[in-house]
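These notes concern the structure reproduced below.
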Amino acid sequence: MPRLPGSSHRRIEGISYRAKWLVAFLVLLQSTQRGLQVAAECALGECAADLRRNPDSNRAPIQLPEKPNIIVIYGDDVGYGDLNGYGHPTSSTPNLDRMIQEGMRLTQFYSAAPVCSPSRASLLTGRLYPRTGVYSGTPGSTQSTGLSVFNPFSNGGLNLSEITVAQMMKPLGYATGALGKWHLGTKKEYLPASRGFDSYFGIPMTQNECTSNVESSKQFGPCPTMHNNTVAVQPTDVQNIDAAYVANIKDFMTVHKNEPFFFYYSSHHTHLPQFAAPGFLNSTLRGLFGDSLAELDWSVGQILDHVVELGIENRTLVVFSADNGPQLSGGVDGGEQGQLKCGKGTTYEGGMREPGIFWWPSVIESGSISYALGSTLDLSVTAVSLAGGKPPQDRAIDGFDLTPVLTGRSEIGPREFMFYYSGHMLMAIRLRQYKAHFWTKGGLCPENYHDQDCWSSTPLKQHEPPLLFDVETDPKERFPLDLSLYPVQVNEIMDLKAAHSKAMTFSPGEMNLGQNKENFPCCNPSCTPRNSCCACPK
Ligand code: MG
């Protein structure tokens with residue numbers, strides 16, 4: 001099953017220069033035709049249905065259950081290189097490694113943004129986040145707007161015209177649950193229970209955006225734990241929140257074990273400031289970051305074990321990924337991008353390439369590795385397809401159905417390209433193994449870091465013509481290719497950019513809507529200012 005990097009573009013050394021060009025062109029044409037064929041099959045979320053109707057007779061039959069359960073576990077600022085199973089030597093992630101050993105690991109899996117809020121908007125809608133309004137700045141402008149995330153005072157959120165995956169799954173007979181960090185607006189109309197989730201339990205912001213027993217900002221107010229749209233606990237014992245989170249998802253699974261469900265668990269780990277429950281402190285060789293990651297890993301193990309205890313493992317897909325790369329400014333308290341360039345806040349590979357782990361014992365070959373391109377953009381479309389439905393037909397959908405990859409029916413997969421947005425700007429495009437940077441800038445990285453391109457102070461820079469890399473053979477983006485040797489690839493990427501930019505539509509920027517302190521969720525709504533008096537009765 002595994003496709004070695006570059007194997008779809010067969011090695012052509014040892015033949016004449018002219019013959020190389022001819023072979024390269026034919027391989028490119030063949031690959032493009034195949035890719036477009038697969039893309040056309042899967043773009044509307046029909047792959048799962050096709051596989052059920054037309055199983056490939058040359059392979060063992062797939063037991064693809066109708067309406068499987070789907071659990072998405074989303075880490076926060078977990079880097080590509082943070083897990084044992086992705087090469088880190090001292091992390092303690094036995095349960096995520098178990099997911100890898102019993103499931104599939106994707107090596108070229110991307111979040112849709114280099115920071116928190118927009119990444120979540122894309123995961124939940126299957127749409128590039130500028131379409132969802134989760135950005136700041138002015139489309140068309142070349143003024144960098146810095147990091148585009150909501151804070152608890154924001155007036156905006158995920159645009160209310162967007163259809164979340166929970167809203168897609170409900171009409172297909174699914175129970176839906178959300179847990180943990182939300183970060184897509186704190187006003188009632190933006191919260192998960194107003195966006196298609198039957199239940200929500202969690203702190204709807206990052207833990208550095210509220211005050212708790214974890215070192216955090218005094219600017220906003222005490223961390224609220226929401227139950228649906230109501231503040232249930234305030235202030236929150238953030239250090240010990242994971243035990244409550246795990247209890248919530250176990251209860252949800254138990255209640256809904258006989259009906260299909262979709263569950264989104266968005267962990268606070270491993271965003272700064274790091275924290276871990278007392279039982280995990282000093283438990284690893286990676287300091288507080290490692291302890292935080294170990295607690296996230298523990299919660300993954302609890303979820304997998306409960307799926308097995310309920311006897312629903314053969315009709316439950318569990319996915320693990322994360323919203324963006326490691327925050328390098330955190331030093332040893334930040335994560336690791338592994339053999340990639342830069343981290344969070346940048347559109348280099350370290351900012352957006354993420355672990356992508358899929359576990360489904362009856363369907364996914366254990367221990368399999370896929371080099372297919374994939375994205376968190378694809379999770380909603382894949383979920384809806386597996387549930388027997390289609391994503392919304394009245395709007396552009398940027399996700400693909402990854403079912404052929406997960407079942408081993410396709411080594412290339414339906415996705416051939418990835419757009420790298422930052423704020424309102426299209427910074428880079430990857431087409432197959434070639435990535436072109438039109439703009440670069442640093443982000444969330446100290447000035448003693450060895451690579452100046454990553455520094456927070458490194459400004460926005462235009463590249464015209466673009467910087468081109470082969471990110472399969474050069475994932476660290478160290479060696480720009482000579483564009484004169486890659487005219488076909490450059491033209492293809494520029495054509496894709498032109499077509500995309502012409503058709504792209506932005507929703508109004510929700511981060512341009514300003515702030516109001518009264519948007520901070522408070523147990524005592526008349527309390528002002530929020531950072532001094534929000535508290536639930538003991
Ligand atoms: Mg994040």
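The values are calculated or read from the model by the stated rules, or taken from the named source; none is laboratory data. Here the structure is a predicted model, which is why all the values come from computation and not from measurement. Quick reminder, even Gly has a Cβ in these numbers, built from the backbone with ideal geometry, and neighbours come from all protein chains shown.
Key figures for this structure:
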{"quantity": "Candidate set from the range 313-348 (those that are in contact with a helix residue (DSSP H, G or I) (Cβ under 7 Å, 6 or more places away or on another chain) and assigned to a helix (DSSP H, G or I)); member that is farthest from the ligand (Cβ to nearest atom)", "calculated": "Glu313"}
{"quantity": "Residue match in the range 299-314 (condition: out of contact with any Phe, Trp or Tyr (no Cβ under 7 Å at 6 or more places or on another chain), among the charged types (D, E, K, R) and in contact (Cβ under 8 Å) with a residue 60 or more places away in the chain)", "calculated": "no"}
{"quantity": "Pairs where the first residue, in the range 258-281, is over 17 Å from Tyr74 (Cα atoms) and free of Cβ contacts under 8 Å to residues at least 24 places away in the same chain and the second is within 16 Å of the ligand (Cβ to nearest atom) and not in a strand (DSSP E or B), C-beta under 8 Å, 6+ apart", "calculated": "Phe280/Ser292"}
{"quantity": "Criterion: modelled with pLDDT of 95 or more and not in a strand (DSSP E or B) - qualifying residue of Pro139, Pro118", "calculated": "Pro118"}
{"quantity": "Index of the failed condition, Tyr129 passing every other in (1) of a type outside the set (Lys, Arg); (2) away from the ligand (no atom under 16 Å from the Cβ); (3) crowded, with 24+ Cβ neighbours inside 10 Å", "calculated": "(2)"}
{"quantity": "Test: residue in the range 425-438 that is touching a residue at least 40 places away in the same chain (Cβ under 8 Å), in a loop (DSSP other than H, G, I, E, B) and surrounded by fewer than 19 Cβ atoms within 10 Å (Cβ to Cβ)", "calculated": "no"}
{"quantity": "Strands (runs of 3 or more DSSP E) lying entirely in the range 160-252 (those with 1 or more residues that are within 21 Å of Val300 (Cα to Cα) and in contact with a His (Cβ under 6 Å, 6 or more places away or on another chain))", "calculated": "175-180, 199-202"}
{"quantity": "Residue match in the range 349-371 (condition: more than 15 Å from the ligand (Cβ to nearest atom), part of a helix (DSSP H, G or I) and within 26 Å of Tyr449 (Cα to Cα))", "calculated": "yes"}
